[in-house]
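To start, the structure under review is shown below, and the notes come after it.
Computed from the coordinates by the stated procedures, all read-outs in this text should not be read as laboratory data. Because the structure is predicted, anything quoted here is derived from the model rather than measured. Cβ coordinates were reconstructed from backbone atoms using ideal geometry, including for glycine residues, and neighbour counts include every protein chain displayed.
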Amino acid sequence: MKKLRALRANRAEAGFTLVELMVAVAITGLVIAPLAAGMFVALRTMNATTNRRATSADGQQLSLYLPPDIQSADNAKSTGITCGTLTAPRLQLWSTVYDTNFNVGYGVRQAADGSWQLVRQACAGGPIKTVARNLANSTAVLVTRTPSNTSLPLQSVAIRLTEKGTPTDPTQHQFTVSASRRTSP
């Protein structure tokens, strides 16, 4: 009976030794340190990646609308624009040759969340389509008409946008979308 009690007492005291615990903690530290470092880097670069992805999406969206609009237009102006309900127009494209009903404008507006956007609208009215959502400010759109003299026939138009940065990536990225008009009706 004494032997059975002694056996049970030894079993109850079974567990890890101090050396075994220290080795386990050291190994756990070696595994967790690189994982934590990787997580930290991923979180730091997430805003920069999101910003670059938004810039790319804006460039693709503008590329869907602007080149066909320029190809359909035979004239363009970037000053003295009255077009639909655009409050800050930057570009108006219209046609007197290809399609006399074609008349669109591009302008800048501030969204409800305070961000600046480039929008497109048919000058006769109609829905406003957002074509770039991540503008740095209200003056982040530069329109270049070639030739700059509006009395000469339109050859091409380019829009350069400056996108806003983020706290971790303050770089304001720029991109240009341009197109040439059709040369014969």
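Which angle from 0 to 90°, rounded to the nearest 10, does the C-alpha axis of helix 18-72 make with the longest principal axis of the chain?
Helix 18-72 and the main axis of the chain meet at about 10 degrees.
Could you please report the charge total around L62, scoring K, R as +1 and D, E as -1 over all other residues with beta-carbon less than 14 angstrom from its beta-carbon?
Result for the local shell: +2.
Tell me, what are the semi-axes, in whole angstrom and largest first, of the equivalent ellipsoid of the chain as set by the roots of 5 times the Cα gyration tensor eigenvalues?
Each semi-axis is √(5λ); the values are 67, 15, 14 Å.
How high is the relative contact order of the chain, in percent, counting Cα pairs under 8 Å that sit 6 or more residues apart?
Working: 318 pairs, mean separation 35.0, N = 185.
The value is 19 percent.
Sequence-distant or interchain residues sharing an amide H contact under 5 Å with A132, placed H: which?
Those qualifying (amide H under 5 Å, at least 5 residues apart or on another chain) are L118.
Using Cα springs under 10 Å in a Gaussian network model of the chain, which residue among A158, A112, A24 shows the largest mean-square fluctuation?
Comparing A158, A112, A24 in a Gaussian network model of the chain, the most mobile one is A24.
Around F175, under 15 Å between beta carbons, what's the net of Lys plus Arg minus Asp minus Glu among the other residues?
Around F175, the surrounding residues sum to +3.
Suppose only helical runs count, i.e. DSSP H with n ≥ 4. What mean residue ellipticity at 222 nm does that imply for the chain under -39500 (n - 2.57) per run, divided by all residues and rounded to the nearest 500 deg cm²/dmol?
Taken over the chain, the calculation gives -13000 deg cm²/dmol.
Return a whole-number percent for the relative contact order of the range 26-94, with Cα pairs under 8 Å and 6 or more residues apart as the contact set.
21
In a Gaussian network model over the chain where Cα atoms closer than 10 Å are linked, find which of L118, L142, L152 has the largest mean-square fluctuation.
Judging by the Gaussian network model, the answer is L152.
Whole angstrom only: what separates the Cα centroid of the range 72-112 from the Cα centroid of the range 124-143?
Each part's Cα centre sits 11 Å from the other's.
What are the chymotrypsin sites (Phe, Trp or Tyr not before Pro) within the range 93-185 that DSSP puts in a loop, where the Cβ has at most 16 other Cβ atoms within 10 Å?
Y98
Could you list the square roots of 5 times each eigenvalue of the Cα gyration tensor of the range 73-136, that is, the equivalent ellipsoid semi-axes, sorted largest first and rounded to whole Å?
Taking √(5λ) for each Cα gyration eigenvalue gives 23, 11, 9 Å.
Kindly put D99, D169, D113 in sequence by how many other C-beta atoms sit within 10 Å of each C-beta, fewest to most.
Lowest to highest Cβ neighbour count: D113, D99, D169.
Taking the chain as a Gaussian network, Cα atoms linked when under 10 Å apart, which of P167, P34, P89 shows the biggest mean-square fluctuation?
P34
Against the longest principal axis of the chain, how steep is helix 2-12, in degrees 0 to 90 to the nearest 10, with axes from Cα atoms?
Relative to the chain, helix 2-12 is tipped by roughly 20 degrees.
Can you figure out the FRET efficiency of S138 with Y98, using R₀ = 35 Å and their beta-carbon distance, to the nearest 0.05?
Values: r = 32 Å, r/R0 = 0.91.
The value I calculate is 0.65.
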